[in-house]
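Peer 1: First the structure, then my questions, so here it is.
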């Protein structure tokens, strides 16, 4: 058994294919529907906003999809990423656990997001796309796509959720360094943004609103496509390089996880670390617990409703089968901006519906407490999003101690928090609050959903 603190793979050991969990799922996700006809959509319905290769990946049932050499060459800037054994955190918790984490903060953008940003930019480039419009919450996705598009000479406009635009100015700076044009959302540049501002001039924005603005831009401007950083099947597919590498590294460590944990906004980093292990559950009879961790202020998995909903606020996307709080739901202004999304991807929603994964919610103060414990033991300052996963790791370790049951835990360290230090300052001064959505708020939002969708 390896006792190394870090386990690396050689570049030659980097996976050459992404893994498509749909091929092994007991029940496949329901199809997206056209909002007008309520019939399953075809590739032609998506061709206005996505390049054809990404559409093919979106609907594919093939188990493995080749990673293009040009994408792998850019991946090599930071991949394979290291697997760490969290010895100091284990010592602090004094529990019968082994804790491993896949460190995705080593990418140029500081998070897991370039794993899909690079192939998305590549496939758009191959199709001759000149401009891409996208949204971003806390800025990890926007900065990752800016990093990726500048490799291929593609112009990028990023609609950044307004509260994060104000809370995280250096994320905007990162995007500007990589040639992106960043706009606070809701904005006056789109019909969707103007409609939201007319109803609420002080709207803090949300990922759903920013998606509406980006999709509208792609539909109206020539030579422009849309790119999404989470939720959709092809996005989750690209992220599986995380778990595929982790499987090799855990084998080197002579260990296998009893549970795999990831924070959850739309599903990208969670899917990346967990889907290859879920595949082994389905194919090989493994029994690894897989836990998605979301904010208590945006609890679509733990308190939402499974049904068809729009992926955006205004209703420009197809209807997706998902656990949702309703596309009009606007979460509280928590600092984990990347997790402030009303719905969950179709694959993850089906897995949760079938009870093949678990979900937990965590309040904001618990996440910052967990982030500080991690930073003071392991030395890396986590992003507020990542701290949700760390909070669940600490919960599970303490539970193992109470039960006296040894456990091996693997989680995705999805991003560092160096650009989130203002949030830590607010935590130290007592300005951060716990936010937990009420039953009345959920009932109102889901009630509006029932009326609109039906």
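Peer 1: Only helices (runs of 4 or more DSSP H) wholly contained in the stretch 240-343 count here; list those with 3 or more residues that are more than 18 Å from the chain's Cα centre (by Cα) and touching a residue at least 40 places away in the same chain (Cβ under 8 Å). Steps first, answer last, please.
Peer 2: Numbers: elements: 241-252, 268-284, 300-303.
By residue number, 241-252, 268-284.
Peer 1: Quick check on this structure: which one of 350, 360 is surrounded by 18 or more Cβ atoms within 10 Å (Cβ to Cβ), assigned to a strand (DSSP E or B) and within 20 Å of the chain's Cα centre (by Cα)? It would help to see each step written out before you state the result.
Peer 2: Working: 350 fails: assigned to a strand (DSSP E or B).
None of the others qualify; the one that does is 360.
Peer 1: Can you tell me how many residues in the stretch 424-438 are in contact (Cβ under 8 Å) with a residue 12 or more places away in the chain, over 30 Å from residue 97 (Cα atoms) and in a helix (DSSP H, G or I)?
Peer 2: Qualifying residue count, the stretch 424-438: 1.
Peer 1: Another one. Hey, can you tell me all the residues within the stretch 213-238 that are out of contact with any strand residue (DSSP E or B) (no Cβ under 8 Å at 6 or more places or on another chain) and closer than 14 Å to residue 112 by Cα?
Peer 2: Listed by number, the residues that qualify are 230, 235, 236.
Peer 1: Return yes when residue 229 is on the phi > 0 side of the Ramachandran plot, in contact with a helix residue (DSSP H, G or I) (Cβ under 7 Å, 6 or more places away or on another chain), modelled with pLDDT under 95 and surrounded by 24 or more Cβ atoms within 10 Å (Cβ to Cβ) and no when it is not.
Peer 2: Working: on the phi > 0 side of the Ramachandran plot: no; in contact with a helix residue (DSSP H, G or I) (Cβ under 7 Å, 6 or more places away or on another chain): yes; modelled with pLDDT under 95: yes; surrounded by 24 or more Cβ atoms within 10 Å (Cβ to Cβ): yes.
Answer is no for this residue.
Peer 1: Still on this structure, please answer the following. Considering only the stretch 321-345, state which residues are within 24 Å of residue 59 (Cα to Cα) and surrounded by fewer than 23 Cβ atoms within 10 Å (Cβ to Cβ).
Peer 2: Going through the stretch 321-345, the residues within 24 Å of residue 59 (Cα to Cα) turn out to be 321-324, 327, 341-345.
Hit for the stretch 321-345 is 321, nothing else.
Peer 1: Take the residues in the stretch 136-156 that are modelled with pLDDT of 95 or more and not in a helix (DSSP H, G or I), then tell me which one is nearest to the chain's Cα centre (by Cα).
Peer 2: Of everything passing the filter in the stretch 136-156, 156 is nearest to the chain's Cα centre (by Cα).
Peer 1: Do you know which residues across the stretch 157-212 are free of Cβ contacts under 8 Å to residues at least 40 places away in the same chain, in a helix (DSSP H, G or I) and within 17 Å of residue 110 (Cα to Cα)?
Peer 2: Once the filter is applied, which keeps residues that are free of Cβ contacts under 8 Å to residues at least 40 places away in the same chain, in a helix (DSSP H, G or I) and within 17 Å of residue 110 (Cα to Cα), the stretch 157-212 yields 169, 172, 173, 175, 176, 177.
Peer 1: Considering only the stretch 35-56, state which residues are touching a strand residue (DSSP E or B) at 6+ places or on another chain (Cβ under 8 Å) and either under 15 Å from residue 119 (Cα atoms) or surrounded by 15 or more Cβ atoms within 10 Å (Cβ to Cβ) (or both). Full working, then the answer.
Peer 2: In the first step, residues of the stretch 35-56 are kept if they are touching a strand residue (DSSP E or B) at 6+ places or on another chain (Cβ under 8 Å); the result is 35, 38-41, 49-51.
Answer for the stretch 35-56, where residues must be touching a strand residue (DSSP E or B) at 6+ places or on another chain (Cβ under 8 Å) and either under 15 Å from residue 119 (Cα atoms) or surrounded by 15 or more Cβ atoms within 10 Å (Cβ to Cβ) (or both): 35, 41, 49, 50, 51.
Peer 1: Among the numbered conditions (1) over 23 Å from residue 105 (Cα atoms); (2) surrounded by fewer than 24 Cβ atoms within 10 Å (Cβ to Cβ), tell me where residue 365 comes up short.
Peer 2: So the condition that residue 365 fails would be (1).
Peer 1: Considering only residues that are under 26 Å from residue 129 (Cβ atoms) and surrounded by fewer than 21 Cβ atoms within 10 Å (Cβ to Cβ), look in the stretch 195-223 and name the one that is nearest to the chain's Cα centre (by Cα).
Peer 2: Step by step, filter the stretch 195-223, then rank; the result is 219.
Peer 1: Now a separate question. Kindly establish whether residue 261 is closer than 19 Å to residue 58 by Cβ, in contact with a helix residue (DSSP H, G or I) (Cβ under 6 Å, 6 or more places away or on another chain) and crowded, with 20+ Cβ neighbours inside 10 Å. If you could, list the steps in order and put the result at the bottom.
Peer 2: Details: closer than 19 Å to residue 58 by Cβ: no; in contact with a helix residue (DSSP H, G or I) (Cβ under 6 Å, 6 or more places away or on another chain): yes; crowded, with 20+ Cβ neighbours inside 10 Å: yes.
Taking the combined requirement at face value, the residue does not satisfy it.
Peer 1: Could you pull out the residue among 59, 106, 71 that is under 21 Å from the mean Cα position of the chain (by Cα), surrounded by fewer than 24 Cβ atoms within 10 Å (Cβ to Cβ) and farther than 30 Å from residue 12 by Cβ?
Peer 2: On inspection, the qualifying residue turns out to be 59.
Peer 1: Mind telling me which of the residues 31, 26 ends up being surrounded by fewer than 18 Cβ atoms within 10 Å (Cβ to Cβ), more than 20 Å from residue 412 (Cα to Cα), at pLDDT below 95 and under 25 Å from the mean Cα position of the chain (by Cα)? Before the answer, list the steps.
Peer 2: Numbers: 26 fails: at pLDDT below 95.
Result: 31 is the single residue among 31, 26 that is surrounded by fewer than 18 Cβ atoms within 10 Å (Cβ to Cβ), more than 20 Å from residue 412 (Cα to Cα), at pLDDT below 95 and under 25 Å from the mean Cα position of the chain (by Cα).
Peer 1: Considering each of 377, 386 in turn, give the residue that is modelled with pLDDT of 95 or more, assigned to a helix (DSSP H, G or I) and in contact with a strand residue (DSSP E or B) (Cβ under 8 Å, 6 or more places away or on another chain).
Peer 2: Just a single option satisfies the conditions, and that option is 386.
Peer 1: Ok, one more. I need a count of the residues in the stretch 389-423 that are in a helix (DSSP H, G or I) and closer than 30 Å to residue 172 by Cα. Break it down stepwise before answering.
Peer 2: Filtering the stretch 389-423 for residues in a helix (DSSP H, G or I) gives 389-403, 418-423.
Adding the requirement that they be closer than 30 Å to residue 172 by Cα leaves 389-392, 418-423.
Count: 10.
The values are calculated or read from the model by the stated rules, or taken from the named source; none is laboratory data. Just so it is clear, the structure is predicted and the values come from calculations on it, not from any experiment. Every residue, glycine among them, receives a Cβ derived from its backbone with ideal geometry; neighbour counts consider all protein chains shown.
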